[in-house]
Amino acid sequence: MSNLNDLTVIIVTFKTKEEILFNCINSIKKEIKIINVENSNDTSHKEKIENKYENVKVILSGKNLGYGAANNLGLKNAKTRYVLISNPDVEYSKDFFDELKFYLNNNINFSVIGPLYKDESTHLSYGNLDGSINKNEFNNLFLKEVGYVVGCSMLLDTKNININFDENFFLYFEEADLCKRISINGGKVFCSSKLFINHLGYKGSISTDPKYEIESEMIRSWHWMWSTFYYHKKHSGYLKAFSLMYGKLVRAFVKMIIFSLFYNKKKQKMYYARLSGLFSSMLGKKSSYRIKSLE
């Protein structure tokens, strides 16, 4: 029996373009169980996907839960020891899951393993939580310990993890927070030089539709600021978070005024969203901002 039978892939979607989701699923071996958590109540999506793919189970969340809560729902329904969290805009190479099998055994102790991007020259798929450069070398298991891995693709050994994603986050920092709490509890977070992915980026939901361009920019800006402050407050305290974010607060306010004077509606709304998201987080309000027309 292949040890891929002890693996489930969880893909969270929100009215994602079919082509994007199909390309992701088609890049996963057919013998692997897949749970697609669709952050809506779209019964036609469930019917279409389950009729097209025998190895895919669709769970309709009923509303847009966000990344963390939707993945928690998927984890609750996964019956395998190993789970691969995947964004729908990730495509896996033909040898990815053959290489992945190397880590699906009892002899390798890990909590999280993240892959590398095919092109790591501009963006890294991992990092240190303090912002420092990771100088660790890959060991004989092709692993090096890191502070966090990017949440678009991350392998979890549920036997070594007894916590879930913090559902206070809606967008951004969920994986960094999870990795930090895993490390605090003694777990190991690695990236692997055997595993490579192609991540399209910002293609995983309907919010990438051009007609939602301004609204999408606003929701990303709002949640980036909210989540950044919340993350630092959670792990370093309110005063530390405030000291780290005060400059961003001032810059967001100044730029909002400047772009208002120059009638740049898109930029004005983006910096308004940044300011609003940061204020909301500072005041302890929930991460509540959504694209109303998509709810």
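The values are calculated or read from the model by the stated rules, or taken from the named source; none is laboratory data. Please read all numbers here as calculations on a predicted model, not as lab measurements. Quick reminder, even Gly has a Cβ in these numbers, built from the backbone with ideal geometry, and neighbours come from all protein chains shown.
Would you check if there is a residue in segment 150-172 being assigned to a strand (DSSP E or B) and in contact with a Gly (Cβ under 6 Å, 6 or more places away or on another chain)? Within segment 150-172 (the criterion being assigned to a strand (DSSP E or B) and in contact with a Gly (Cβ under 6 Å, 6 or more places away or on another chain)), the answer is yes, since at least one residue qualifies. Of everything listed in (1) of a type in the set (D, E, K, R); (2) at pLDDT below 95; (3) under 26 Å from N105 (Cα atoms), the single unmet condition for E18 is (3). Look at segment 249-278: where a residue is within 15 Å of T228 (Cβ to Cβ) and a partner is not in a helix (DSSP H, G or I), sitting 6+ places away or on another chain with Cβ atoms under 7 Å, you get G277/Y289.
Residue selection: L7 satisfies the criterion of being more than 21 Å from E174 (Cβ to Cβ), surrounded by 23 or more Cβ atoms within 10 Å (Cβ to Cβ), assigned by TED's automatic domain parsing to the domain that holds E167 and at pLDDT 95 or above. For the criterion of being closer than 17 Å to F170 by Cβ and among the hydroxyl-bearing types (S, T, Y), Y53 fails.
Got a number for residues in segment 57-87 being among the β-branched types (V, I, T) and surrounded by fewer than 21 Cβ atoms within 10 Å (Cβ to Cβ)? Talk me through it step by step, then tell me what you get.
So in segment 57-87, the residues among the β-branched types (V, I, T) come out as 58-59, 80, 83, 85.
With the extra rule that they be surrounded by fewer than 21 Cβ atoms within 10 Å (Cβ to Cβ), the set shrinks to 58-59, 80.
So the answer is 3.
No other residue among N87, N105, N64 is closer than 18 Å to T158 by Cα and touching a residue at least 12 places away in the same chain (Cβ under 8 Å) apart from N105.
For segment 119-135, check the following and say yes or no: at least one residue is among the small types (G, A, S), farther than 27 Å from L244 by Cα and at pLDDT 95 or above. Break it down stepwise before answering.
Of all residues in segment 119-135, those among the small types (G, A, S) come to 121, 125, 127, 131-132.
Next, from what is left, pick out any that are farther than 27 Å from L244 by Cα: 121.
Now restrict to residues that are at pLDDT 95 or above: none.
Scanning segment 119-135, I find no residue that is among the small types (G, A, S), farther than 27 Å from L244 by Cα and at pLDDT 95 or above, so the answer is no.
One residue stands out in segment 247-295 among those that are over 25 Å from the mean Cα position of the chain (by Cα) and among the aromatic types (F, W, Y): the one that is nearest to N168 (Cα to Cα), namely F253. Cβ-Cβ distances below 7 Å connect the following pairs, each with a first residue in segment 26-39 that is within 14 Å of K94 (Cα to Cα), a second residue that is in a strand (DSSP E or B), and a separation of six or more residues or different chains: S27/E91; S27/Y92; I28/V9; I28/I34; I28/Y92; I32/L7; I32/V9. Among the residues of segment 217-227, is any surrounded by 13 or more Cβ atoms within 10 Å (Cβ to Cβ), at pLDDT below 95 and not in a helix (DSSP H, G or I)? No, segment 217-227 has no match at all.
Out of segment 114-128, which residues are closer than 13 Å to F190 by Cα and either in a loop (DSSP other than H, G, I, E, B) or touching a helix residue (DSSP H, G or I) at 6+ places or on another chain (Cβ under 6 Å) (or both)?
Filtering segment 114-128 down to residues closer than 13 Å to F190 by Cα leaves 114-116, 125-128.
Across segment 114-128, the qualifying residues are S125, N128.
The single condition from (1) over 22 Å from I11 (Cα atoms); (2) modelled with pLDDT under 85; (3) assigned to a loop (DSSP other than H, G, I, E, B) that E213 fails is (3).
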